[in-house]
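One structure below.
The values are calculated or read from the model by the stated rules, or taken from the named source; none is laboratory data. Keep in mind that this is a model prediction, so the values were computed, not measured. Every residue, glycine among them, receives a Cβ derived from its backbone with ideal geometry; neighbour counts consider all protein chains shown.
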Amino acid sequence: MLHAILHGKAGRVEQGGQSLRWRELFKRNEDLLTATFFGRLPYLSNDAFEAVLGCLIGVEQAKRLAPTFIEIELWSRLTEWEERGYVEPDVILRFENELVMIEVKPPFGGGQYQDQWQAQMTALSVETEYLEYEQIHFVALGNTLPVPLPIDEHPKRFTPMTQLEWNDLRRLLQNNSMFTSCRQDEAICQDWMEAFSLFGMLPSAPSWQPLLDYASAPSLDLAVACQQLSLSVKMPAQDNWAPLMSFANGLTLDHHLLAASIQ
């Protein structure tokens, strides 16, 4: 369905007396984004699944939990909290002894709010089906607040909540070579990136850190650098920059020539 939407082949749907293209509907509906992203999560390879989970709850927790993953639930209806008729968290990831609950907001639209976090935590903590789980992790994804919910306002069994933006996940997918190491992960990652583009999330600019790390090496051997870059011009190793600096200091900047060049 995602590919039909992306290529304008999904037709139109009636909503509120309006005829809308599926592409426009997708951009307005956070549940479609939730399903597109988290519905594909179980199909990742073990390493890629652990990487995404690490972005959500932290690397160390993910290493421990990922091998025990059981299933994903979308929009589970929690009905046993007396103060609400029901509460419907977006995502619940089940592991052998722990849960991860995720509240999703799209990159453009409604924001997170603490009352909703507290309601979801409380409802899950009293739901009979989930009482056997020893620990619960809560994640707020998208349009987060300046500060998380204080730990003393978490129900029992909940770890300190985490917040992250969609950009954090997008950056992980774009910069981690793990998502290009096997065909299934690469296909899933491509689907996700195209879904992100529907919501106006443009690709992140590549990180300059590898270049900065290389440039700050104690001894930069230009001959080795040329070889690594597959340059056809052979350059001798050079570690004495004094002649070049002397030449540069003697240059005179012609402002009129510079202005003409820019025009």
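How do the helices (runs of 4 or more DSSP H) wholly within segment 41-155 filter down when requiring 2 or more residues that are acidic (D, E): which remain?
46-57
Among the residues of segment 146-163, is any in contact with a strand residue (DSSP E or B) (Cβ under 6 Å, 6 or more places away or on another chain), assigned by TED's automatic domain parsing to the domain that holds F38 and aliphatic (A, V, I, L, M)?
Within segment 146-163, one or more residues are in contact with a strand residue (DSSP E or B) (Cβ under 6 Å, 6 or more places away or on another chain), assigned by TED's automatic domain parsing to the domain that holds F38 and aliphatic (A, V, I, L, M).
Among what's in segment 156-205 and is surrounded by 13 or more Cβ atoms within 10 Å (Cβ to Cβ), part of a helix (DSSP H, G or I) and of a type in the set (K, R), pick the residue that is farthest from the chain's Cα centre (by Cα).
Restricting to residues being surrounded by 13 or more Cβ atoms within 10 Å (Cβ to Cβ), part of a helix (DSSP H, G or I) and of a type in the set (K, R), the top hit is R171.
Being at pLDDT below 95 and among the charged types (D, E, K, R) is the filter; apply it to segment 63-114 and report the residue that is surrounded by the most Cβ atoms within 10 Å (Cβ to Cβ).
Filtering segment 63-114 for residues that are at pLDDT below 95 and among the charged types (D, E, K, R), the one surrounded by the most Cβ atoms within 10 Å (Cβ to Cβ) comes out as K105.
Provide a single number: the residues in segment 96-153 that are charged (D, E, K, R) and under 20 Å from N167 (Cβ atoms).
Of the residues in segment 96-153, 2 are charged (D, E, K, R) and under 20 Å from N167 (Cβ atoms).
Would it be correct to say that L149 is surrounded by 14 or more Cβ atoms within 10 Å (Cβ to Cβ) and in contact (Cβ under 8 Å) with a residue 40 or more places away in the chain?
No.
So the check is Cβ under 8 Å with 6+ separation or different chains; which pairs have a first residue in segment 42-71 that's without any contact (Cβ under 8 Å) to a residue 40 or more places away in the chain and a second one that's of a type in the set (F, W, Y) and assigned to a helix (DSSP H, G or I)?
Sorted first by the residue in segment 42-71, then by its partner, the pairs are P42/F49; A66/F49; F69/F49.
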